[in-house]
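Notes to accompany the following structure.
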Amino acid sequence: MKKISLVVPCYNEQEVIEIFYKEIMNVKEDFKNVNFEIIFVNDGSIDNTLDLMRKLSKNDGVRYISFSRNFGKEAAMYAGLEAATGDYVAIMDADLQEPPALLKEMYDILETGEYDSVATRRVTRKGEPVIRSFFARLYYRIINKISKTEFVDGARDFRLMSRQMVDAVLEVKEYNRFSKGIFSWVGFKTKWLEYENIERAAGETKWSFWKLFLYSIDSFVAFSTIPLSIASVMGILFCIIAFILIIVVIIRTLMFGDPTSGWPSTVCIMFFIGGVQLLCLGIMGQYLSKTYLEVKKRPIYIVAETEKDKKEKI
Ligand code: UDP
Ligand code: MG
């Protein structure tokens, strides 16, 4: 009998976690001869999420991993993938923004053996603030220009993967994780399913604009080194401009004499060059800081409790 593991990262999801479980139980009816394993990952929630997980874990096939604090969704996904024992593993948000009904279709596609993973992308961004959609689009345009790894606009983390692919993803042990990139980087054949954006069943999004912005910087640093060449390119460009200007100034002085003027423009140029230098230093700083975190080799997450601990206590 085949087994599907569902990895569900949860951060303050008390409003939706039970609805989610019910929905999965409904979907399960469509499957014949398939076992389900649900792994809830509590990413340091400060509401009742953990209690609800403990309660749900009394049901067959429900497990949970509870972190010692909030480590972020990436860490939660990694922990879930590590714990999953299924032949197929899916990652799903707890808020039902990703239709569980798609699971059957995904499973059927993988069963044909033609693909190693079935991923989803939403084709609309209905219900999302306009500014956020604008920056999201811009982000995908830039990252696809500067990175060799392909990033699909609107791709969700919701996907069903074969065991082989999950093992490959787990091999990528970097600390600064950006899963959308990692899934694409490991390769394998992926089929994309499209669906319209669905709003949260309940509760609120956990991603502020700022958090998303920092996350996007992570992805630039993790999947491209082109920003590092900006300093070299600008350096060469500015040297050429400076050289031309020097010649122009010398010739002008020799031919027309030198009325000293133009200090406002000098100040502007100083500011500009100063800004460019700081920008380049900042970019290098980003790479350095990520390298620093990587070499420290801290664990990606720390577990405080799992369903096994709970059983021992009882
Ligand atoms: N999440 C998490 N840790 C975090 C932030 C979010 O585990 O630090 C989970 C959250 O509980 C949800 C999923 O990641 O199951 C997606 O979050 P959310 O729905 O807030 O994001 P959105 O759908 O708005 O992009
Ligand atoms: Mg959501």
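From Cα pairs below 8 angstrom and at least 6 apart in sequence, can you work out the relative contact order of the chain, rounded to a whole percent? Working shown, then result.
Details: 436 pairs, mean separation 68.5, N = 314.
Over the chain, the number comes to 22 percent.
With every protein chain left in place, what is the accessible area per residue of the chain in square angstrom, probe 1.4 Å?
Details: 17590 Å² over 314 residues.
Per-residue accessible area for the chain comes out at 56 Å².
Which value, in Å² rounded to 10, gives the accessible area of Lys191 with a 1.4 Å probe and all protein chains present?
Here the residue's solvent-accessible area equals roughly 70 Å².
At a Förster radius of 51 Å, what calculated FRET efficiency corresponds to the Cβ-Cβ distance of Asn144 and Asp60, to the nearest 0.05?
Details: r = 43 Å, r/R0 = 0.85.
Given R0 = 51 Å and the Cβ-Cβ separation, E is 0.70.
Over all directions, the average projected area of the alpha-carbon convex hull for the stretch 193-236 comes to how many nm²? Please list the in-between numbers first.
Numbers: hull surface 22.3 nm².
It is 5.6 nm².
Could you give the size of the charge dipole of the chain about its Cα centre, using +1 on the Cβ of each K and R and -1 on the Cβ of each D and E, expressed in debye and rounded to the nearest 20?
Roughly 620 debye, rounded to the nearest 20.
Over the alpha-carbon set of the chain, work out the extent along each principal axis and list the three values in angstrom, largest first.
92, 42, 36
Which of Glu204, Glu18, Glu74 ends up with the largest GNM mean-square fluctuation for the chain, with Cα atoms connected below 10 Å?
So, out of Glu204, Glu18, Glu74, the one fluctuating most is Glu204.
First measure r as the distance between the Cβ atoms of Gln277 and Asn176, then evaluate 1/(1 + (r/R0)^6) with R0 = 22 Å and state the FRET efficiency to the nearest 0.05.
Numbers: r = 26 Å, r/R0 = 1.17.
Calculated transfer efficiency: 0.30.
With a 1.4 Å probe and all protein chains kept in place, how do Arg122, Arg163, Arg141, Arg177 rank by accessible area, largest first? Intermediate values should be presented prior to the final figure.
Values: Arg122 35, Arg163 70, Arg141 155, Arg177 10 Å².
From most accessible down to least: Arg141, Arg163, Arg122, Arg177.
Among Val62, Tyr21, Ile146, which residue has its Cα positioned farthest towards the positive end of the charge dipole of the stretch 3-150, with +1 placed on the Cβ of Lys and Arg, -1 on the Cβ of Asp and Glu, and the dipole taken about the Cα centre?
In the stretch 3-150, that residue is Ile146.
Go ahead and run the numbers for FRET between Arg137 and Lys32, Cβ-Cβ distance against an R0 of 45 Å, rounding to 0.05. Can you show the working numbers first?
Working: r = 41 Å, r/R0 = 0.92.
According to the calculation, E is roughly 0.60.
Please give the residues of the stretch 235-254, grouped as numeric ranges, whose backbone N is less than 17 Å from a label point set 7 Å along the Cα-to-Cβ vector of Ser265.
241-254, by backbone N distance to the label point.
For the stretch 178-204, list residues with backbone N below 18 Å from a point placed 7 Å from the Cα of Lys126 toward its Cβ?
So the set is 194-202.
Step by step: find N for the stretch 170-313, compute 2.2 N^0.38 Å, then divide the Cα radius of gyration by it. What's the final number?
Values: Rg = 25.8 Å, N = 144, 2.2 N^0.38 = 14.5 Å.
Relative to the rule-of-thumb radius for its length, the stretch 170-313 sits at 1.78.
Accessible surface of Cys239 in the full protein assembly, 1.4 angstrom probe, to the nearest 10 Å²?
Surface open to solvent at Cys239 totals about 90 Å².
The values are calculated or read from the model by the stated rules, or taken from the named source; none is laboratory data. Everything numeric in this text was worked out from a predicted model, so none of it was measured. Ideal geometry is used to build each Cβ from the backbone, glycine not excepted, and the neighbour counts take in all protein chains shown. Surface areas here come from the heavy atoms of the whole protein model, side chains and all, with no ligands, DNA or RNA. Shrake-Rupley method; radii C 1.70, N 1.55, O 1.52, S 1.80 Å.
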